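To start, the structure under review is shown below, and the notes come after it.
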Amino acid sequence: MLDWLGRPKRPASERRDIPAGLWAKCPHCANLVYRKELERNLRVCPRCGFHHRLSAMDRLALVLDLASFVETDAALLPEDPLGFVDEKPYPERIEESRRKTGRTEAIVTGTGTIEGAHAVVGAMEFGFMGGSLGSVVGEKIARSAERARDRRWPLVLFVASGGARMQEGVLSLLQLARTSVALARLADAGVALITVLCDPTTGGVAASFAFQGDIIVAEPGALIGFAGPRVIEQTIRQKLPEGFQTSEFLLEHGFLDAIVPRAELRGAVARLLRLTNAPLDPAMVGAPAQGWVDRSDTR
């Protein structure tokens, strides 16, 4: 039997299937990218520059000095105060997210250094229930603000969230005030807050701590706003401007201080920390980032 090119077909037993997961499709340019090439390029599409999402730990490893990170408040776990059930009980959704991400909640917090400069850091995990803001996430941010105030180290938050967590109802909405009060006390103490807005930054998170930074930067192409574009168009019955709610649109209209490509993010945050007079750890000055991917495979 011949194939469509007139060549003899291999028996099924001799065919070699391509292993699953070798290629990733870029949602922006629709090109297929070799997954290892994408990882080596910090999950930025080498063809169009689209910034794919990062996990919380990958993001921290990208910017922090090698072995400098110390996690805090890891034992804080969410409860189910409302006994909430939609398609499945809330505790089941929590457990699924834990298995999927390897994290216990939608944010990882701790302390570390970036090019030797001390900072309290937090990175949101969008893979954990859309990075939603629940009572534990709010508590960890508030505690991080208090830790930064006590140590007089800048607070750096990497934000990626769909907004408040509906399964916790008003307890989730209370975190908008909880985090805002903690950050106001941080500002009163004269300690800097740097927020890095990643894709997406929306809902109650955008309406609270995301835009309270003394310095607000974003990654290229990130979706940033309160309600989503489709919701706004359906509400006001008008077509929105091209690129509305992208980081580039917000920078043009004065909502951001800068857009920083991922490859430059570590250096940019380090410069901002030095401008805030963050204390330096001499042992970490010039130390490399954690190296979040295995770069030994150069294929």
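None of the figures in this text is laboratory data; all of them are computed from the coordinates on show. Since we're looking at a predicted model, the values are computed, not measured. Glycine also receives a Cβ, built like all others from the backbone with ideal geometry; neighbour counts cover every protein chain displayed.
Take the alpha-carbon centre of region 24-40, take the same for region 168-216, and report the distance between them in whole Å.
Centre-to-centre distance over Cα atoms comes out at 32 Å.
If you compute Cα extents along the principal axes in Å for the structure shown, which of (1) 78, 50, 42; (2) 60, 41, 36; (3) 65, 47, 36 do you land on?
(1)
Could you pull out every residue, at least 5 positions away or on a different chain, whose amide H is within less than 5 Å of the one on ALA164? Hs are placed 1.01 Å off N in the peptide plane, and Pro or chain starts have none.
Here LEU133, GLY204, VAL205 satisfy the definition.
Using +1 on the beta carbon of Lys and Arg, -1 on that of Asp and Glu, and nothing else charged, what's the dipole of region 195-299 about the Cα centre, debye to 20?
In debye, rounded to 20, region 195-299 gives about 80.
With springs connecting C-alpha atoms under 10 Å apart, model the chain as a Gaussian network and identify which of ARG47, ARG237, ARG98 has the largest mean-square fluctuation.
In this elastic network of the chain, the residue with the biggest mean-square fluctuation among ARG47, ARG237, ARG98 is ARG237.
Name the residue farthest towards the positive end of the dipole of region 53-275 from the options HIS253, SER135, ILE215, assuming +1 on Cβ of Lys and Arg, -1 on Cβ of Asp and Glu, about the Cα centre.
Result: ILE215, furthest along the dipole toward the positive end.
Would you mind working out the magnitude of the charge dipole of region 61-180 relative to its Cα centre, with +1 at each Lys and Arg C-beta and -1 at each Asp and Glu C-beta, to the nearest 20 Debye?
It works out to roughly 280 debye.
Spin-label point model (7 Å from Cα, Cβ direction): what's the LYS25 to VAL285 distance in nm?
Between LYS25 and VAL285, the simple spin-label model gives 5.1 nm.
Any chance you could check the Cα centroid distance between region 247-287 and region 71-90 for me, in angstrom?
What the calculation gives is 33 Å, centre to centre.
Once fully extended, how much extra length lies between GLU71 and VAL170, figured as 0.36 nm per residue of separation less the alpha-carbon to alpha-carbon distance?
Full extension from GLU71 to VAL170 adds 32.8 nm.
What's the local net charge at GLU115, with K and R +1, D and E -1, over the other residues with C-beta under 12 Å away?
Details: positive: ARG266, ARG271, ARG274; negative: ASP65, ASP281.
That sum, taken over residues with Cβ under 12 Å, equals +1.
Provide the percentage of antiparallel DSSP beta bridges, counting only those with both residues in the chain; round to the nearest 5.
Taking every DSSP beta bridge within the chain, about 55 percent pair in antiparallel fashion.
Straight-line reach from LYS100: which lysines fall under 20 Å, measuring Cα to Cα and dropping same-chain residues less than 8 apart?
LYS88
If I build a Gaussian network model for the chain, linking alpha-carbon pairs within less than 10 angstrom, which residue out of ALA227, ALA177, ALA283 has the largest mean-square fluctuation?
Of ALA227, ALA177, ALA283, the most mobile in the Gaussian network model is ALA283.
Place +1 on the Cβ of every Lys and Arg and -1 on the Cβ of every Asp and Glu in region 44-189, take the dipole about the Cα centre, and give the residue among GLY163, PRO81, ILE94 whose Cα lies farthest towards its positive end.
GLY163
Treat each spin label as a single point 7 Å out from the Cα along the C-beta direction, and report the GLU242 to VAL85 distance in nm.
The two pseudo-label positions are separated by 5.1 nm.
Would you list the membrane-span-like helices of the chain, meaning whole DSSP H runs whose alpha-carbon atoms span at least 18 Å along their axis and whose mean Kyte-Doolittle value is at least -0.5?
Flagged H segments are 170-188.
Run the simple label-point estimate for CYS48 and ASP150 please: 7 Å along Cα→C-beta, distance reported in nm.
Going by the 7 Å Cα→Cβ label model, 4.7 nm.
Pick from PRO27, PRO241, PRO279 the residue whose mean-square fluctuation is largest in a GNM of the chain, springs joining Cα atoms under 10 Å.
PRO241
Given +1 on the Cβ of Lys and Arg, -1 on the Cβ of Asp and Glu, and no further charges, what dipole in debye does the chain carry about its Cα centre, rounded to the nearest 20?
With only Lys, Arg, Asp and Glu charged at Cβ, the dipole is about 880 debye.
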